[in-house]
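Just below is one structure, and these are the notes that go with it.
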Amino acid sequence: MGMGSGGGRGEVTSEINVTPMADVMLVLLIIFMVVTPMLQKGQSVELVRTRNPIDMKEADRDDAILVAVTRDGKFYLGQDLVKIDDLGAKVNDLLASKLDKKVFVKSDSRAKYGDVVQVVDNIRNAGVDQVGLLTERLDDQVRK
């Protein structure tokens, strides 16, 4: 005897079973929750907010070189922790095969100004043509 309501042999039940759909949606949700933090390039920092930032779409490319300065004074080249003295040499190694010598610096809003200056100086001493400072756009609601 079957569990569905309705008739006997050969009859088709027209009830919708949403359990498999809910299972698939939960699995997809878990996959996205696990993968999303891995998609972020470089170290996570709270960027400085500015009114009129310039869009730097090159920073989103896979081969873009990102240097991060955290609020506790640590320096990251991509995901790797580096010492400030080694930063110039490592950036120079990464830029050896590139024509466009551009490096992007993202700094935490509470990082020391002197740390950011040190990073920019080391990058410029490594022979980098352009240094981009990454910021976030300040929304109109925040301004008022």
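Restricting to the stretch 1-24, name every residue that is modelled with pLDDT of 85 or more and open to solvent by 100 Å² or more (accessible area, probe 1.4 Å).
M21
Conditions (1) in a loop (DSSP other than H, G, I, E, B); (2) open to solvent by less than 70 Å² (accessible area, probe 1.4 Å); (3) among the polar types (S, T, N, Q); (4) at pLDDT below 85, marked per residue:
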| residue | (1), (2), (3), (4) |
| --- | --- |
| L26 | no, no, no, no |
| P37 | no, no, no, yes |
| P53 | yes, yes, no, yes |
| A68 | no, yes, no, no |
| V103 | no, yes, no, no |
| K106 | no, yes, no, no |
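Out of L94, L81, I need the residue that is among the hydrophobic types (A, V, I, L, M, F, W, C) and either more than 16 Å from V131 (Cα to Cα) or under 17 Å from the mean Cα position of the chain (by Cα) (or both). Which one? Outline the logic, then answer.
Values: L94 fails: either more than 16 Å from V131 (Cα to Cα) or under 17 Å from the mean Cα position of the chain (by Cα) (or both).
Of the residues listed, the single one that is among the hydrophobic types (A, V, I, L, M, F, W, C) and either more than 16 Å from V131 (Cα to Cα) or under 17 Å from the mean Cα position of the chain (by Cα) (or both) is L81.
May I ask you to verify whether D108 is free of Cβ contacts under 8 Å to residues at least 24 places away in the same chain and among the acidic types (D, E)?
No.
Kindly indicate the residue of the stretch 122-134 that is surrounded by 14 or more Cβ atoms within 10 Å (Cβ to Cβ) and farther than 16 Å from P53 by Cβ and also nearest to the chain's Cα centre (by Cα) among those meeting that condition.
I123
Restricting to the stretch 57-66, give me the number of residues that are open to solvent by less than 60 Å² (accessible area, probe 1.4 Å) and either at pLDDT 80 or above or of a type in the set (K, R) (or both).
Here the count works out to 3.
In the stretch 115-123, is there at least one residue being at pLDDT 90 or above, of a type in the set (D, E) and out of contact with any Gly (no Cβ under 7 Å at 6 or more places or on another chain)?
Yes, that holds for at least one residue.
Do you know which residues across the stretch 70-93 are open to solvent by 50 Å² or more (accessible area, probe 1.4 Å) and either touching a Leu at 6+ places or on another chain (Cβ under 8 Å) or part of a loop (DSSP other than H, G, I, E, B) (or both)?
R71, D72, K74, Q79, K83, K90
The values are calculated or read from the model by the stated rules, or taken from the named source; none is laboratory data. Quick caveat: nothing in here was measured; it's all calculated off a predicted structure. Positions of Cβ are generated from backbone atoms using ideal geometry, with glycine treated the same way; all protein chains shown enter the neighbour counts. In case anyone asks, the SASA skips ligands and DNA or RNA and just uses the protein heavy atoms, side chains included. Shrake-Rupley method; radii C 1.70, N 1.55, O 1.52, S 1.80 Å.
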